[in-house]
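Chemist: Take a look at the following structure, please.
The values are calculated or read from the model by the stated rules, or taken from the named source; none is laboratory data. Just so it is clear, the model here is predicted, and its values are computed rather than measured. In this analysis, Cβ positions are derived from the backbone assuming ideal geometry, glycine residues included, and neighbour counts consider all displayed protein chains. The area values use the complete protein model at the heavy-atom level, side chains included, leaving out ligands, DNA and RNA. Shrake-Rupley method; radii C 1.70, N 1.55, O 1.52, S 1.80 Å.
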Amino acid sequence: MVDPHGVGLELTADEARRVVQMLIDAADLWLTASDGECPPWCLEHTDPDPDDPDDEREHRGPFQAMVVAGTYEPSVAIGVRVRAFDEEYARRVSLEMLVQSVSTELLAAEACKISAHLLHCVDLAELVEVA
């Protein structure tokens, strides 16, 4: 797998399945209604700085991470998190995949699409090993 910033990852079938599970879990949270004072998945939040008019309240959901073998690096950390930002009149929900702390924002559909591709690759790899 190569992330959008060009970091190459070498995943075992089990690691790929764990990444899929992290992405699907995050996509489910992203799709959950985020109405109310805090989204239902909010574990902690930060209040905006009253002296900074552009500062937003940030709600943080669960952060999931794992370390895998890298193609170009000895090991690479992959993380997935969901956050919400309270802007002046709206709330924006963000699903991010982090590879070596470099964040890529995804839509829930994109997280599901990546998951589908990873599972397809796992199926192909397992067919080759069986044959």
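Chemist: Between 0 and 90 degrees, rounded to the nearest ten: what's the tilt of helix 13-31 against the longest Cα principal axis of the chain?
Modeler: On a 0 to 90 degree scale, this one is about 20.
Chemist: Once Rg/Rh (Cα atoms, Kirkwood Rh) is worked out from the coordinates, which option in (1) 1.06; (2) 0.95; (3) 1.13 does it equal?
Modeler: Only one option fits the structure, namely (1).
Chemist: By how many degrees, 0 to 90 and rounded to 10, does the Cα axis of helix 108-130 deviate from the longest principal axis of the chain?
Modeler: 20
Chemist: Once label points are set 7 Å from the Cα along Cα→Cβ at both HIS120 and VAL102, what is their separation, rounded to one decimal in nm?
Modeler: 2.4
Chemist: Here is a follow-up. With all protein chains present and a 1.4 Å probe, how do ARG92, ARG83, ARG18 order by accessible area, largest first?
Modeler: Sorted descending by solvent-accessible area, the residues read ARG18, ARG92, ARG83.
Chemist: Also, I was wondering about something else. State to the nearest 20 debye the size of the charge dipole of the chain about its Cα centre, where the only charges are +1 on K and R beta carbons and -1 on D and E beta carbons.
Modeler: Dipole about the Cα centre, nearest 20: 640 debye.
Chemist: Something else now. For region 27-131, state which GluC sites (Glu not before Pro) are in a DSSP loop and have at most 16 other beta carbons lying within 10 Å of their beta carbon. Could you put the intermediate results ahead of the total?
Modeler: Values: sites: GLU37, GLU44, GLU56, GLU58, GLU87, GLU88, GLU96, GLU105, GLU110, GLU126, GLU129; in loops: GLU37, GLU56, GLU87, GLU88.
Passing both the DSSP loop test and the Cβ count: GLU37, GLU87, GLU88.
Chemist: All other residues with a Cβ under 14 Å from the Cβ of GLU96 taken together, and with Lys, Arg as +1 and Asp, Glu as -1, what is their net charge?
Modeler: With Lys, Arg at +1 and Asp, Glu at -1, the net is -1.
Chemist: Tell me what the chain gives for mean residue ellipticity at 222 nm when only DSSP H runs of n ≥ 4 count, each as -39,500 (n - 2.57), the sum divided by the residue total, rounded to 500 deg cm²/dmol.
Modeler: Rounded to the nearest 500, it is -11000 deg cm²/dmol.
Chemist: Report the one residue of LEU98, PRO48, LEU124 whose Cα lies farthest in the direction of the positive end of the charge dipole of the chain (charges on C-beta: Lys and Arg +1, Asp and Glu -1; origin at the Cα centre).
Modeler: About the Cα centre, the residue reaching furthest to the positive side is LEU124.
Chemist: Per-residue accessible area for MET1 at 1.4 Å probe radius, Å² rounded to 10?
Modeler: 60
Chemist: Give me the net charge for the shell around LEU118: Cβ to Cβ below 11 angstrom, other residues only, Lys and Arg +1, Asp and Glu -1.
Modeler: +1
Chemist: Extension gain ASP55-GLU10, at 0.36 nm per residue separation less the Cα-Cα distance, in nm?
Modeler: This chain segment gains 12.4 nm when fully extended.
Chemist: By residue number, which cysteines of the chain lack any other Cys whose Cβ falls under 4.7 Å from their Cβ?
Modeler: For the chain, the answer is CYS112, CYS121, because their Cβ atoms have no other cysteine Cβ under 4.7 Å.
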